[in-house]
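Have a look at the structure below before the remarks.
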Amino acid sequence: MPTNAEIAATLTAIADLLDITGANAFKVNAYRKASRAAEAETQDLEALAVADPSVLRKIEGIGESIAAKIVELITTHRIAELERLRSEIPAGLIELLTLQGVGPKTVHLFWTKAGVTDLASLKQAIDSGALANVERMGAKTIENLRASIAARDAAGAQPTRFRLGQAVPIAESMLAVLRTTRGVRQAAFAGSARRGRETVGDLDLLVSCDDHAAVRQAFLSMPGIDRVLANGDTRCAAQLVGGMQVDLRIVDDSVFGAALLYFTGSKDHNVFLRERAINAQMRLNEYGLHQVPSDSDGPVGALVAAHSEESIYAALGLPWVPPERRELHGVDLEQPPMDLVEHHQVRAELHAHTTASDGSLTIHELASLAVSRGFHSLAITDHSKASAQANGLSVERLLRHIDAIRAAQADFPTLRLLAGSEVDILADGRLDYDDETLALLDVVVASPHASLRQEPSAATKRLLRAITHPLVHIIGHPTGRILLGRDGLAPDMHELTAAAAESGTALEVNCHWSRLDLRDTHVKMAVAAGALVAIDCDIHGAEDVDNLRYGVATARRGGLTRKSCVNTWEQSALLAWLKNKKSACALRSSR
Ligand code: DGT
Ligand code: CA
Ligand code: CA
Ligand code: ZN
């Protein structure tokens, strides 16, 4: 069940290991090129390969021998060459790749020229001066290396986490198998993935069934399992290829709700509920909510509730709490339930790229996709000229693109096509198109793409300038962070959210699971400030629409309600906002 992204990651891993061994650059580059091709491919490679293995090598960038490796991965869930490389290279060397600024070619030098085999021997080679004798290891490089190691040590032995959008599809494909297993009644994922946290430490699956043995067998023979960590009657655990750990709990159907509540967490939320139970003379655990036993009851008191989460919350005098809100405890939960934004309420996508810049769909394909999702509006927002690496549009190309968007409208009677741009916010806060050009657009999404290591104060000034620009409707991925990759900007979010509320500019929750930017805590600040929020998929290919759920989960974690989320508005309200913001600007400037 490898996805294109997993295939791409596996090919990159092979390229990295080849580089560490000092392999021929031609061969390494072939893997890197194939990895990029796999990543960019919009059709599902596994589906293609299953239908006809020979089609893979017809894909631009994938040669014959690597096509065979991909087929090997799809059919056997491993690649013999990758395993051979792993067995040839000291395991501690591979870990060095996670140091900031250290690539596989550098690791090759560490290994072959300084005898380094892991982090400890690297530190030794630095301290003893041995590394200074190695080619390309100048004083500055070694200083940077010291800093990377120190940063790593400061982060501690933090367990590896995985991004939500990588974990959830794995959970769902496993649940799909379990649901068809003999005797299974209910199956769900719990833990941080169900709470919609942006990263998860491990996956927690829960199944109720009549036949534990069948479920254990089905679970432990899933493809993609690298190592079995536990195999008990009610709990199994396994590590997947790629390192993710999956916990499976098997329970009686009568206590499914209690187990789901317990294993969804968060731990703080569980503690809060347990204390609430104690105060009401009850006991709560993964088997249910019980009365405190009197002498005649034996060890467990009478059962109060266990079958569903709702019944347990109700018995504790609380409304059912959506999983995304279960980081909360205390008074926050005693408020009446909020009208949190819901996935099905989203009817407009306001950030989408076509083949004109770096998307893979044409205007017509994007519009058909939006129609198939039941959307009433779609903004086409290709990149502006400063994003040269993304084939950003010159003013001249933008003008022609606007005409093409307007012309396409006639073919989509149920969808309002909006001509827009994702205009770069330059380092000083100026926008990448002049005002006359921006004024021609229906929607302006302004986003930072470069200079993402700015000082916080410069970042605040930069973003404030864009937020208060009268022609800007939405700030796209405001910080530019990449989860587990790049911190991005660290502006003063109190100032930004206040300015956004004041100027009626929406802040985006970018749904891509490597971004989720605004993050949950920033959404909370936007909600507190009364700012508008947009939840957008930043569509580059058809699969990106499926990321909406992650953006919605992030928004719900921040407490976003429907009325503050522009994508959930009726078409007339959305169009009025877009138009009024611009004309308010025309009014102001004519005064
Ligand atoms: P993660 O995996 O680090 O992203 O976070 P979680 O929340 O998925 O944590 P995990 O996998 O350790 O445990 C899943 C849930 O099980 C957790 O959210 C609450 C419950 N749980 C596990 N251990 C404890 C515990 O010692 N006390 C309490 N109250 N609940 C626990
Ligand atoms: Ca977990
Ligand atoms: Ca767990
Ligand atoms: Zn974009």
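The values are calculated or read from the model by the stated rules, or taken from the named source; none is laboratory data. A quick note: this is a predicted structure, and the numbers were derived from the prediction, not measured. Methodologically, a virtual Cβ is constructed for each residue, glycine included, from the backbone with ideal geometry; neighbour enumeration extends over all protein chains shown. Accessible surface areas use protein heavy atoms only, side chains included; no ligands, DNA or RNA. Shrake-Rupley method; radii C 1.70, N 1.55, O 1.52, S 1.80 Å.
Some points to look at:
- Full extension of the chain segment joining ALA576 with GLU365 gains 73.3 nm, where the gain is 0.36 nm per residue of separation less the Cα-Cα distance.
- Charge dipole (debye, nearest 20) of the chain; +1 at Cβ of Lys and Arg, -1 at Cβ of Asp and Glu: 820 debye
- Here the chain carries DSSP beta bridges of which approximately 45% are antiparallel, counting only pairs with both residues inside.
- Under the combined filter of DSSP loop state and at most 16 neighbouring Cβ atoms within 10 Å, the stretch 75-175 retains these GluC sites (Glu not before Pro): GLU135.
- Scaling against 2.2 N^0.38 Å puts the C-alpha radius of gyration of the stretch 106-149 at 0.98.
- Rounded, prolate or oblate (a/c below 1.5 giving rounded, otherwise prolate when a/b exceeds b/c) for the stretch 345-590 by Cα gyration tensor: rounded
- The length gained by stretching the chain between VAL271 and ALA388 to full extension, at 0.36 nm per residue less their Cα-Cα distance, is 37.0 nm.
- Solvent-free Debye calculation, one equal scatterer per alpha-carbon of the chain: log10 I(q)/I(0) at 0.06, 0.08, 0.09, 0.12 Å⁻¹ equals -0.38, -0.68, -0.86, -1.36.
- Taking all protein chains together, LYS581, LYS267, LYS58 sort by accessible area into LYS267, LYS58, LYS581, largest first [probe 1.4 Å].
- Integer Hz, Karplus 6.51/-1.76/1.60 couplings in order for the stretch 204-221, x for Gly and Pro: 10, 10, 9, 9, 10, 6, 9, 9, 4, 4, 5, 5, 4, 4, 5, 5, 6, 9
- Annotation for the stretch 190-204 versus the stretch 228-259: alpha-carbon center distance of 14 Å.
- The gain in end-to-end length when the SER254 to GLU455 segment is fully stretched comes to 66.8 nm, 0.36 nm per residue minus the alpha carbon separation.
- Residues of the stretch 493-521 with amide N under 13 Å of the 7 Å Cα→Cβ point at LEU484: 513-515
- Summarising the amide proton neighbourhood of GLN186: residues at separation of 5 or more, or on other chains, whose placed amide H is nearer than 5 Å comprise SER208.
- Here the stretch 21-36 is scanned for amide nitrogen atoms under 12 Å from the site 7 Å beyond the Cα of THR112 along Cα-to-Cβ, giving 21-25.
- Helix-only CD estimate at 222 nm, as mean residue ellipticity for the chain, using -39500 (n - 2.57) per DSSP H run (n ≥ 4): -13000 deg cm²/dmol
- Listed by chain and number, the lysines placed with their C-alpha closer than 24 angstrom to that of LYS33 are LYS58, LYS69, LYS105; residues fewer than eight positions away on the same chain are left out.
- Computed FRET value (nearest 0.05) for SER294 with THR234, which takes r as the C-beta separation and R₀ as 30 Å: 0.55
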